[in-house]
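Computed from the coordinates by the stated procedures, all read-outs in this text should not be read as laboratory data. Since the model is a prediction, treat every value here as computed from it, not as a measurement. Note that each Cβ is placed from the backbone with ideal geometry, even for glycine, and that neighbours are counted across all protein chains shown.
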Ligand code: HEM
């Protein structure tokens, strides 16, 4: 019962985090780049972070719970001894990269955002979106027993 509820919460957080970044990359970013106007990105980010950051926090909390469910001994998460352990380690690596890019964008790029620095932020947005898809692919592989077809 608890396991099913946590998987559902994990999928809810994933929908918000991945969906928000796909919308940002495919709907908000292209016209902003064409018009060299950072305003729509700033407006989207300010609104999205109110649900996006709680969604990411939910992912981390529910993800750690699920990782412990699959492999109770956390020292084995980094031993690459099974497909599940390897994919949990990959997800933690993706989390580290996402955090680094997020901190850099939030504290360095966004405060000094201009038309000239917009392409740098665009690179960040695309990278975080690809990382979010990486989370999704790695996460699906945990239940499916790996990613090989
Ligand atoms: C934004 C970040 C994340 C996204 C978008 C995401 C997405 C997903 C998705 C779509 C699944 C498939 C669920 C299913 O099979 O029904 C999944 C499963 C899983 N994720 Fe994540 N995840 C994220 C972060 C994390 C983190 C930080 C961890 C911690 C290691 C984690 C651990 C897991 C585990 C253990 C499963 C297997 C659940 C199961 O099927 O029992 N995830 N994730």
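Values computed for the structure shown
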quantity	calculated
Segment 11-149: mean projected area of Cα convex hull, nm²	8.8 nm²
Helix axis angle, 83-104 relative to the chain longest principal axis, alpha carbon, degrees	20 degrees
Relative contact order, percent, the chain [alpha-carbon distance under 8 Å, six or more residues apart]	32 percent
Between helix 2-23 and the chain: long-axis angle, C-alpha atoms, 0 to 90°, nearest 10	20 degrees
Where labels lie 7 Å past Cα in the beta-carbon direction, separation of residue 76 and residue 127 in nm	3.5 nm
Contact order relative to length of segment 76-149, as percent, for alpha carbon pairs under 8 angstrom and 6 or more apart	44 percent
Sequence-separation-based contact order of segment 22-86, relative, with Cα cut under 8 Å and 6+ spacing, percent	15 percent
Expected 222 nm ellipticity per residue - DSSP helices of 4 or more, -39500 (n - 2.57), all of the chain, to 500	-25500 deg cm²/dmol
Gained length - residue 115 relative to residue 147, 0.36 nm times residue gap less alpha-carbon distance	7.5 nm
The chain: most fluctuating residue of 15, 25, 132 per GNM, C-alpha cutoff 10 Å	15
